[in-house]
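**Q** Please find one structure pasted underneath; my questions will follow.
The values are calculated or read from the model by the stated rules, or taken from the named source; none is laboratory data. These numbers were taken from a predicted model, which means no experiment stands behind them. Here the Cβ positions follow ideal geometry from the backbone for every residue, glycine too, while neighbour counts run over all protein chains shown. For accessibility, only protein heavy atoms count, side chains too; no ligands or nucleic acids. Shrake-Rupley method; radii C 1.70, N 1.55, O 1.52, S 1.80 Å.
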Amino acid sequence: MRYATLLILAIFIISKDLPMSDQCDRATAQTALPVRIFSETTIDGRDQPVLVTRFFHNKVTIMSSELGRCYFNFFDLNFVVNSASLFGLLPWLYFFYRIFLQIPKYPCILAIFIIPAVPLFIAFPQVAYLHKVFAIIGLVLWAKR
Amino acid sequence: MNKTLLIIIILLAAFLRLYKLGSVPPSLYWDEASLGYNAYSILITARDEHGRFLPGTNFAAFGDYKPPGYIYATVPAIAAFGLNEFAIRFPSAFFGTLTVLLTYFLAKKLFEKESIALLATFFLAISPWHLQFSRGAFEANLGLFFSLLGIYLFLKFATEKAIYILPSALSFLAAMYTFTGQRLFVPFILIVLAWQFRQQILKNIKSVSAAILISAVLFWPLFIFVTQTIEGKLRFNEVTIFKDLEPIDRSNRYRERDDFSWYSDITHNRRFLYAREYLIHYFDAFEPSFLFTKGDANPRLSVQEVGELYYLDLFLILAGIYFLIAQKHKGAFLILGWLLVSPLGPATARETPHALRMIHILPTFQLLAAFGLVSLYQIIRLKKLFLVTCFLFLVAQFLFYLHIYYFHWPRIWSNQWQYGYKQLVYQINNLYDDADHIVVTKALGRPYIYFLLYRQVDPRDYLKTAKIVRDQFFFIDVNGFDKFIFTGSPADERPPGKTIYITEGASLPAGSQLLSTINQLDGKVVFRISTITN
């Protein structure tokens with residue numbers, strides 16, 4: 001019965017349509033770069049020392065803020081639900097619970113935080129698949145409990 | 001040493017909340033103007049702007065029936081500093097600073113460790129979320145102070161003396177009389193507290209019963225107002241997702257497509273669709289772009305370029321949650337419960353995530369971050385490097401936040417704060433005596449309150465000539481008072497004599513002569529002042 005339930009949940013998770021999400025990666029960040037630098041330095045230009053402007057509004061800070069936005073979107077709970085379904089959310093959370101609290105292997109934890117960053121640099125449009133994978137692993141961990 | 005550090009942090013918190021308080025945010029938003037004028041009205045007449053004697057449960061104001069807490073708290077500030085932006089925002093800044101201090105005592109009670117308490121206090125002192133609301137006349141910020149005080153006193157009741165239950169209950173009541181969002185938070189946090197401290201409650205059942213009885217008596221008028229009057233339900237009905245008919249429509253369409261089969265009645269049941277909507281709104285509260293990169297989508301509620309929390313907080317909060325659970329810390333249930341129940345109320349609203357309606361989640365993030373930092377420090381090898389890296393990272397983002405807050409945000413978003421009304425009223429004051437009528441556009445919303453506020457009109461004089469109307473949604477509007485006529489289309493008004501017209505943007509009434517323009521901080525024209533003699 002337990003395995004049948006988990007199997008049904010796995011079917012729900014796998015068959016969930018992937019969400020249509022806007023492209024958000026290094027390319028989009030680079031597109032935003034000149035526009036943001038122009039607008040931010042223009043505002044600063046009126047009465048700010050050049051050093052202050054350079055410190056706050058440079059390519060590095062703007063690129064990291066743009067890429068940060070893309071990266072953090074991956075961990076949006078609504079994105080998880082849209083990727084792995086509502087039934088996938090609980091095993092997804094269970095996966096993180098097990099990885100962090102019960103079998104805290106630092107390479108695993110590190111990998112989980114690094115993997116979502118990979119699509120920002122390499123063309124890998126279906127980042128949402130990762131949530132399905134995490135949820136399925138969560139189910140397997142639950143089954144083996 | 002610890003005392004000195006605490007004093008320094010509180011002074012920093014006070015400085016960050018009071019510095020340029022009257023000019024950043026760049027002008028008074030209409031709700032701030034309304035709170036200020038009603039407080040002024042109470043001060044000089046003991047009645048609100050509509051002439052109601054010392055309202056207890058609500059101030060009608062624009063027909064939004066504001067809770068009374070903030071208005072009464074503003075009365076002494078206006079008495080001391082006069083009717084101006086600083087005085088209207090002062091209670092928020094003052095109680096915001098006290099909230100920072102309260103966080104110290106709360107963290108010390110929960111963790112019994114000075115370092116965690118000081119760090120949590122420091123994190124809240126520089127929090128973009130808390131700073132944003134401590135620097136505007138936001139009822140929510142005062143509400144946060146009261147609910148936090150309620151939680152702290154409840155902890156004192158559970159760990160020290162039973163007598164603290166009464167002030168705790170009164171603080172929670174004050175929170176509900178101050179901000180509507182607290183009415184959907186207090187019951188949930190009380191459940192969390194009651195569950196965690198059920199043994200202490202049972203042990204002191206007499207004191208608890210007495211506190212419940214007194215609170216029930218004091219809460220009764222508010223309860224009647226909120227549940228039994230149209231005005232009381234108005235605000236909730238206006239914002240809630242449960243009054244949205246779209247899920248019902250969607251359910252009907254799906255069921256029709258399935259020929260109204262029995263299984264369709266179950267799978268496409270409207271209750272499921274509403275539950276799904278609610279969950280989406282609940283999860284929004286933990287949206288990473290809201291928390292860490294962009295903040296609230298409303299430019300009045302965040303600076304738009306920094307999240308509600310700092311990047312560093314993400315790792316510290318995760319670490320804090322991890323260590324709380326891993327160490328089975330006694331404060332884990334309360335802090336995590338608090339974190340999880342906070343979005344339950346705001347999730348019923350259409351606009352989510354909403355930093356204002358969810359402000360009562362503070363300072364859970366700061367408590368977790370402080371606990372996470374101290375716990376990581378204990379296990380990490382390169383302690384000094386770790387501390388220096390964290391400090392530099394935090395300071396860099398904090399300075400960036402301040403830069404955006406003081407230099408970019410007011411210029412880009414001054415229109416969101418109804419910038420221009422103050423400048424307009426001051427210009428009109430010079431023209432007032434020569435004019436027979438002054439026609440003002442309503443395009444920017446509720447102009448009457450700014451004329452009352454900046455001209456410091458006596459509410460008794462205002463009520464003698466006020467043309468107050470109420471629309472079908474129960475909102476109250478003013479079409480004129482004294483020489484002023486407020487209208488959606490100024491060009492259609494042709495009163496006799498010399499008339500001053502205040503129009504929005506490029507439009508000017510036919511035949512009028514332009515006198516001057518008023519610009520927003522980004523340079524765009526917001527008002528044009530012109531004149532005609534009919």
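**Q** Which trypsin sites (Lys or Arg not before Pro) in the range B:327-414 sit in a loop by DSSP (not H, G, I, E or B) and have at most 11 other Cβ atoms within 10 Å of their own Cβ?
**A** In loop regions of the range B:327-414 (DSSP not H, G, I, E or B), the sparsely surrounded trypsin sites (Lys or Arg not before Pro) are B:Lys328, B:Arg381.
**Q** What fraction of the Cα pairs in the protein assembly as shown, stated in percent, has a spacing above 39 angstrom?
**A** 40
**Q** Which lysines have a Cα lying under 30 Å from the Cα of B:Lys467, excluding residues fewer than 8 positions away in the same chain?
**A** Straight-line reach from B:Lys467, under 30 Å: B:Lys66, B:Lys233, B:Lys422, B:Lys442, B:Lys483, B:Lys498.
**Q** For the protein assembly as shown, list the cysteines whose Cβ sits under 4.7 Å from no other cysteine Cβ?
**A** Here A:Cys108, B:Cys390 come out as lacking a disulfide-compatible partner, given the Cβ-Cβ threshold of under 4.7 Å.
**Q** Over all residues in A:69-75, what is the mean tally of Cβ atoms on other chains that come within 10 Å of each residue's Cβ?
**A** 5
**Q** Counting only heavy atoms of the protein chains, get the accessible area per residue of the protein assembly as shown (1.4 Å probe) and round it to a whole Å² value.
**A** 46
**Q** Provide the solvent-accessible area of B:Met176, counting protein heavy atoms only and rolling a 1.4 Å probe, rounded to the nearest 10 Å².
**A** 20
**Q** OK, next. Note down the nm distance, to one decimal, between modelled labels 7 Å out along Cα→Cβ at B:Phe236 and at A:Phe121.
**A** Between B:Phe236 and A:Phe121, the label points sit 5.2 nm apart.
**Q** Run through the range B:211-297 and list the chymotrypsin sites (Phe, Trp or Tyr not before Pro) located in a DSSP loop whose Cβ has at most 13 other Cβ atoms within 10 Å.
**A** When the chymotrypsin sites (Phe, Trp or Tyr not before Pro) of the range B:211-297 are filtered for loop state and at most 13 Cβ neighbours within 10 Å, B:Phe260 remain.
**Q** Compute the label zone of B:Ile163 within the range B:172-209: residues whose backbone N is under 18 Å from the point 7 Å along Cα-to-Cβ.
**A** Zone members listed by number: B:204-209.
**Q** Okay, next question. With a cut-off of at most 16 other beta carbons within 10 Å, and DSSP calling the residue loop, which chymotrypsin sites (Phe, Trp or Tyr not before Pro) in the range A:48-145 qualify? Please list them.
**A** Within the range A:48-145, the qualifying chymotrypsin sites (Phe, Trp or Tyr not before Pro) (loop, at most 16 other Cβ atoms within 10 Å) are A:Phe121.
**Q** Round to a whole angstrom and tell me the spacing of the C-alpha centers of the range B:215-254 and the range B:147-212.
**A** With the range B:215-254 and the range B:147-212 each reduced to a Cα centre, they are spaced 25 Å.
**Q** If you don't mind, another one. Ranked from the most accessible area to the least, with a 1.4 Å probe and all protein chains present, what is the order of A:Thr41, A:Thr53?
**A** These residues rank, largest area first, as A:Thr41, A:Thr53.
**Q** Taking a threshold of 20 Å on the Cα-Cα distance, which of the pairs B:Lys3/B:Lys330; B:Lys3/B:Lys384; B:Lys294/B:Lys383; B:Lys3/B:Lys113; A:Lys16/B:Lys243 fall above it?
**A** Over 20 Å apart, Cα to Cα: B:Lys3/B:Lys330; B:Lys3/B:Lys384; B:Lys294/B:Lys383; A:Lys16/B:Lys243.
**Q** Please report, to one decimal in angstroms, the Kirkwood hydrodynamic radius of chain B built from all distinct Cα-Cα pairs.
**A** 25.3
**Q** Over the Cα atoms of the range A:2-144, what Rg and Dmax result, in angstrom?
**A** According to the Cα coordinates of the range A:2-144, Rg and Dmax are 19.7, 67 Å.
**Q** Got a number for the accessible area of A:Thr5? Probe 1.4 Å, square angstrom, nearest 10.
**A** Surface accessible to solvent at A:Thr5 totals approximately 60 Å².
**Q** Ok, one more. How large is log10 I(q)/I(0) at q = 0.33 Å⁻¹ when the Debye formula is applied to the Cα atoms of the range B:490-534, each weighted equally and without solvent?
**A** Listed by q, the Debye log ratios stand at -1.22.
**Q** Does anyone have the angle between helix B:85-111 and the longest principal axis of chain B? Alpha-carbon axes, 0 to 90°, nearest 10?
**A** 10
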